[in-house]
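Below: one structure, written as structure tokens.
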Amino acid sequence: MSQSHSFSTGQGARKRRSYRPPIAGAKLQVQAASTQLPTYPFQPLPAPNGAAPYRYDLSQLLTADDVKQITAAGTLVFHTVGDTGDYRGQQQDFVAAMMTQDAQSLPANNKPAFFYHLGDVIYFAGDIIRYPANFYATYKNYPPFIVAIPGNHDCQPDDPSDGAGDPNKTPLDGWVQNFMAKDPSQPGSNKTGATRTQMDLPNVYWTFTTPFATIIGLFSNVGEDQAEVHQDQINWFQGELTAANPNLALIVTIHHPPFSGDDEHSGSSVSDQVLMNAFKATNRYPNLVLSGHVHNYQRFTNVLQGPKGQLQIPYIVAGAGGYTNLGAMQLVNGAPPKAPLALGNGLTLEQYDAKNFGFLRLSVSKTQIVGTYFSAPYVSGATPSASVIDSFTVDLVKNTVTTGVGGSAGGGRKKPKPSPSKKKKRR
């Protein structure tokens, strides 16, 4: 006897729902048609800190001597991950301790210059009152400065079904107060004893210019399933792609990942469309795409046909930064996927970690990007012992991706060259 429709789908009469079954099937679905998660209407964007094009240079963050040291070393190092400030547990503190250990262990001329947060800084609605305990206290002993793009939970409105909300709350008010302050010397939290001050970023979507990379950060708004990016931001994005220095690495960040094999969210086809349409319109393709939203780590290689030949572009999900519940991967024919896994249309799942909390360290030079993902199983009250789960190298000259630390740092498994992506819809 087959299962009832309501038992297998969680859907009953008159649009009622009981639960959301995990995504699963015969193939890994990196853009599931619909996961039917609760969502909210598009949230209006706050006023920017000044006029377009919303650029922020590394020299505005660090001293001139620090920038000079990074330039002389020939490498920009930074940390990145998303989905951190969950007040229900201490997992974000666990990851912060791992990042702090990594920063302290690196040589003086290769310290992380900053932490680039991939969104969902504070759960579940970006509340101002949760920043002291779940941001400033979390990173109290973490030396680098922290920049960010917002995630959907940073702009989520209060849910009336959860009880009375804050009548004075506005979209992104917590993120704006702490990342778009007018005065970067303003303390973020006095009661926690943290000395970290607020950040003065130009906008919720913005471009970070550095001596070795241009990082264009998009804001994909409040949807749980899908990104929502309006035309004004798309026009800005295409302008920033065109303006980006062609001699430096180009990195694009967006909270909602274009591809994901997890069993809850899956990837956002809207994110994919916004990015691909902009790349094609400008003939400018990034060397790396970074996202959060899904609470695990996944690395894909997307093979595309660029204006001068084939391009291999890593698309990374790094969302295991501290949200209490990690995101499980889909079961494929009843079992977890085995990486590397070719998915068709030029897309390959190279590696993933859905069991541990972790972060990504990126080292960018004029010729390559080296990524190293560290993680550890969470143990309450324990000192984390991080392991390297994944490493990869992007050759900025050849536009290839190598699994392992390649280039001048040594050997590695070079990514084969599957057929480039065409205009076929991925599932």
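The values are calculated or read from the model by the stated rules, or taken from the named source; none is laboratory data. Note that the structure is predicted; figures quoted are calculated from it, not measured. Cβ coordinates were reconstructed from backbone atoms using ideal geometry, including for glycine residues, and neighbour counts include every protein chain displayed.
Give the residue, chosen from 303, 289, 229, that is of a type in the set (Val, Ile, Thr) and part of a loop (DSSP other than H, G, I, E, B).
Answer to the selection: 229.
Working carefully through the options 154, 159, 127, find the one that is of a type in the set (D, E, K, R), in contact with a helix residue (DSSP H, G or I) (Cβ under 6 Å, 6 or more places away or on another chain), in contact (Cβ under 8 Å) with a residue 12 or more places away in the chain and farther than 27 Å from residue 371 by Cα.
Result of the check over 154, 159, 127: 127.
Would you check which residues across region 162-201 are without any contact (Cβ under 8 Å) to a residue 60 or more places away in the chain, closer than 19 Å to residue 85 by Cβ and among the hydroxyl-bearing types (Ser, Thr, Tyr) and list them?
Correct list: 189, 195, 197.
Across region 35-44, which residue is surrounded by the fewest Cβ atoms within 10 Å (Cβ to Cβ) among those that are at pLDDT 95 or above and out of contact with any Cys (no Cβ under 7 Å at 6 or more places or on another chain)?
In this case the residue turns out to be 44.
Among what's in region 50-74 and is part of a loop (DSSP other than H, G, I, E, B) and at negative phi, pick the residue that is surrounded by the most Cβ atoms within 10 Å (Cβ to Cβ).
Across region 50-74, the extreme among qualifying residues is 62.
Applying the selection to region 156-196, what residues are within 15 Å of residue 40 (Cβ to Cβ), aliphatic (A, V, I, L, M) and surrounded by fewer than 19 Cβ atoms within 10 Å (Cβ to Cβ)?
none
Based on what the data block shows, is residue 220 under 27 Å from residue 257 (Cα atoms) and among the hydroxyl-bearing types (Ser, Thr, Tyr)?
Criteria met by residue 220.
Scan region 222-247 residue by residue and report those that are free of Cβ contacts under 8 Å to residues at least 12 places away in the same chain and under 26 Å from residue 157 (Cα atoms).
231, 232 - these are the residues of region 222-247 that are free of Cβ contacts under 8 Å to residues at least 12 places away in the same chain and under 26 Å from residue 157 (Cα atoms).
For the structure I just gave you, tell me whether residue 47 is exposed (fewer than 15 other Cβ atoms within 10 Å of the Cβ), small (Gly, Ala, Ser), in a helix (DSSP H, G or I) and modelled with pLDDT of 95 or more.
So residue 47 does not fit the description; no.
How many residues does region 348-378 hold that are touching a residue at least 24 places away in the same chain (Cβ under 8 Å) and not in a strand (DSSP E or B)?
7
Of the conditions (1) surrounded by fewer than 20 Cβ atoms within 10 Å (Cβ to Cβ); (2) part of a loop (DSSP other than H, G, I, E, B), residue 384 fails just one. Which one is it?
(1)
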